[in-house]
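Data first, discussion second: the structure below is written as structure tokens.
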Amino acid sequence: MVGFRTRSLRHLLKMGHCAPTVMKTILELSGCQEEWPVKAVGGLPGGIGDTGFECGGITSPLFFFGLRYGLRDLRDGLPLVFHVGHDHFRQFVDRNKTPLCREIRGDNYRLTRCIRAVCCAPEIAASALDRAGVGAIDGGRLEAYALLYSHMAAGGFHCSHHVLDRLSPVIPSSPGLLDATSGYLGGTLLKGMTCSAYAAGVMALGMRMCEIEDSLARVLRMIVLMKTGGNAFADPINKFNRIMNLGKGLAGWFAGEFGSTQCRAVTGCDFSSRDSVRRYIATDGLARCRDIADKVADEVRHLSRMAGPRGFEPRSDG
């Protein structure tokens, strides 16, 4: 366990942000040399585009679980990535008392809490992989999730994949990227949290434009600015800041269009309830979600043009 935390801390001190640090650590421990997953999660710090919601200690492991499982290996009607992701989510909340960035870091950036969350996330991910998600989702919720997943699969719809497919070839996609975003469905693991279409938009921006920070001096400067009230998240301070800030801009647009960035608020549906899922199906909620995903893709394409190109194409084998 100490090895996980030491690696995480070393990367955090040179990268400065949660999601890329966790992603880099997990990839390194798994023997993967690819950089594109780090770029893809480059805009997720601060609770996905600095919105304060899901911590990078949740979002990056979920991305990695997707790389490993995709939407394959159904168990009780639900792909294995959701079972493993739910186990990781529960263990993370048990350790940190909350899944939310804003509650972990607090108003004055309680960095020790952030550091603990980041440094423990890879070992929690390893535990979730070892346990293979057994018992992670109870019967009632599992039936509701499976019903919703079956409906979405029959309709050929996946929130994140729809956005990424619509953006190609402007922002190239690949089977590897689609696998990686498999667990981003129904507001992160069907939990109704951050809209998975919006999350995919942030990741697409990262794929196109992200640069990887690798400087202890720059990270220390960012920390000083955090603690002294400076603008620690200005674009030039850290190479990940630009993508995070673009993600925050996308969040502002999204909330303006749909009232919230949170899936449950936008859809009016609790996906863990069979009755609620049935209402979603009966009222053609899928059509509304498809429309949202189309609009997200259009806005990301616009942001990408405005921000300037910086192309990056992942390997097709993931």
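Values in this text are rule-based calculations from the coordinates and carry no lab data. What you see is a predicted model, and the numbers here were worked out from it, not measured in a lab. For neighbour counting, all protein chains shown are included, and Cβ atoms are generated from backbone atoms with ideal geometry for every residue, glycine included.
Within a Cβ distance under 11 Å of SER272, other residues only, what is the Lys/Arg minus Asp/Glu net charge?
Net local charge, SER272 excluded: 0.
Once whole DSSP H runs in the chain are found, which of them have Cα atoms spread over 27 Å or more along the helix axis and a mean Kyte-Doolittle score of at least -1.0?
111-131, 285-307
How much net charge surrounds LEU27 when only other residues with a Cβ under 9 Å from its Cβ are counted (Lys, Arg +1; Asp, Glu -1)?
Every neighbour counted, the sum reads -2.
Determine the calculated [θ] at 222 nm for the chain from helices alone, applying -39500 (n - 2.57) to every DSSP H run no shorter than 4 residues and normalising by the residue count; nearest 500 deg cm²/dmol.
-20000 deg cm²/dmol
Simple spin-label model, 7 Å along Cα-to-Cβ: ASP214 to HIS151 in nm?
Label at ASP214, label at HIS151, 4.7 nm between them.
Decide, for region 212-301, between rounded, prolate and oblate: order the square roots of the alpha carbon gyration tensor eigenvalues as a ≥ b ≥ c, take rounded if a/c falls under 1.5, and otherwise choose prolate if a/b is larger than b/c, else oblate.
Here region 212-301 falls in the prolate category.
Test of understanding: what is the full-extension gain from SER168 to SER260, defined as 0.36 nm times their sequence separation minus their Cα-Cα distance?
Once the chain is fully extended between SER168 and SER260, it gains 30.5 nm.
Going by a ≥ b ≥ c, the root eigenvalues of the Cα gyration tensor, does region 83-198 fall in the rounded group (a/c under 1.5), the prolate group (a/b larger than b/c) or the oblate group?
Here region 83-198 falls in the oblate category.
Multiplying the sequence separation of ASN231 and ARG75 by 0.36 nm and subtracting their Cα-Cα distance, what value in nm do you get?
Gain on extension, ASN231 to ARG75, equals 51.5 nm.
Pairs of Cα atoms under 8 Å, at least six residues apart: use those to get the relative contact order of region 110-268, whole percent.
18
Fully extended, how many nm does the chain gain between ARG113 and ARG131 (0.36 nm per residue separation, minus their Cα-Cα distance)?
Length gained between ARG113 and ARG131: 3.9 nm.
Order by neighbour count: LYS24, LYS248, fewest other Cβ atoms within 10 Å first, most last.
The fewest-first ordering by Cβ neighbours comes to LYS248, LYS24.
Within a Cβ distance under 13 Å of CYS120, other residues only, what is the Lys/Arg minus Asp/Glu net charge?
+4
How large is the charge dipole for region 186-318, taken about the Cα centre, if only the Cβ atoms of Lys, Arg (+1) and Asp, Glu (-1) carry charge, to the nearest 20 debye?
220
Given charges of +1 on the Cβ of Lys and Arg and -1 on the Cβ of Asp and Glu, with all other atoms neutral, how large is the dipole of the chain about its Cα centre, in debye to the nearest 20?
Charge dipole of the chain: 820 debye, to the nearest 20.
Let me know the shape class of region 157-233, please: from the alpha-carbon gyration tensor, a ≥ b ≥ c as square roots of the eigenvalues, rounded when a/c is under 1.5, otherwise prolate if a/b is greater than b/c, or oblate.
Since a/c reaches 1.5 and a/b is larger than b/c, the shape of region 157-233 is classed as prolate.
Take the chain, connect every pair of alpha-carbon atoms lying under 10 Å apart with a spring to form a Gaussian network, then pick out the residue of GLY85, GLY230, GLY285 with the largest mean-square fluctuation.
Result for the chain, Cα springs under 10 Å: GLY230 fluctuates most.
For MET152, MET244, what's the fewest-to-most ordering of other Cβ within 10 Å of each Cβ?
Listed from fewest to most nearby Cβ atoms, that is MET152, MET244.
Please report TYR109, TYR198 as a ranked list, fewest other C-beta atoms within 10 angstrom at the top and most at the bottom.
Fewest to most other Cβ atoms nearby, the residues stand as TYR109, TYR198.
Cut-off 10 angstrom, C-alpha nodes, Gaussian network model of the chain. Which of ALA153, ALA197, ALA232 fluctuates the most?
ALA153
Gaussian network model of the chain, Cα springs within a sub-10 Å range: biggest mean-square fluctuation belongs to which of ALA293, ALA132, ALA204?
For the chain, modelled as a Gaussian network with Cα springs under 10 Å, the answer is ALA132.
Of VAL93, HIS151, LEU80, whose Cα points farthest to the positive end of the dipole of the chain (charges on the beta-carbon: +1 Lys, Arg; -1 Asp, Glu; origin at the Cα centre)?
VAL93
Would you mind calculating the relative contact order of region 2-307 from Cα pairs under 8 angstrom and at least 6 residues apart, reporting the percent as a whole number?
With pairs under 8 Å counted, the relative contact order is 25 percent.
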